[in-house]
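Peer 1: Quick one: this structure, given as structure tokens, is what I'll be asking you about.
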Amino acid sequence: MKKITLLILLPFFLFAHSPSALEYLAEEHKWVNDTHKVQYQTIINKKELMKHILLNLNNYVFNLEKYEFMIFNHFLINSQNDFTKKIKGSGNE
């Protein structure tokens, strides 16, 4: 069975490497080349957009953490001031 299949496919393999088949493939590739160029540019644009989105997200998270740290430090400073005022106030009484 395998031999019969190979014998039937032999002419197709021979035709696939003929000069006319290669010419046809070259012409077909020229037709498709513009489509590939547009697809490639689209992929590049998507990657650039993702880069900017991730960079902005990174900056946003960094600023959010910075502000959270500043708020926490402000709370600590106020608590410490209140505590020292209470200690000074209780010592004078």
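The values are calculated or read from the model by the stated rules, or taken from the named source; none is laboratory data. Keep in mind it's a predicted model, so treat the numbers as computed, not measured. Note: areas computed on protein heavy atoms with side chains; ligands, DNA, RNA excluded. Shrake-Rupley method; radii C 1.70, N 1.55, O 1.52, S 1.80 Å.
Peer 1: Does Tyr40 satisfy being assigned to a helix (DSSP H, G or I) and at pLDDT 90 or above? Show your work before the answer.
Peer 2: Working: assigned to a helix (DSSP H, G or I): yes; at pLDDT 90 or above: no.
Answer is no for this residue.
Peer 1: If you don't mind, there's one more thing I want to ask. What is the residue count in region 24-41 for residues that are open to solvent by 100 Å² or more (accessible area, probe 1.4 Å) and under 26 Å from the mean Cα position of the chain (by Cα)? If you could, list the steps in order and put the result at the bottom.
Peer 2: Filtering region 24-41 down to residues open to solvent by 100 Å² or more (accessible area, probe 1.4 Å) leaves 24, 29-31, 37, 40.
Subset that is under 26 Å from the mean Cα position of the chain (by Cα): 37, 40.
Final tally of qualifying residues: 2.
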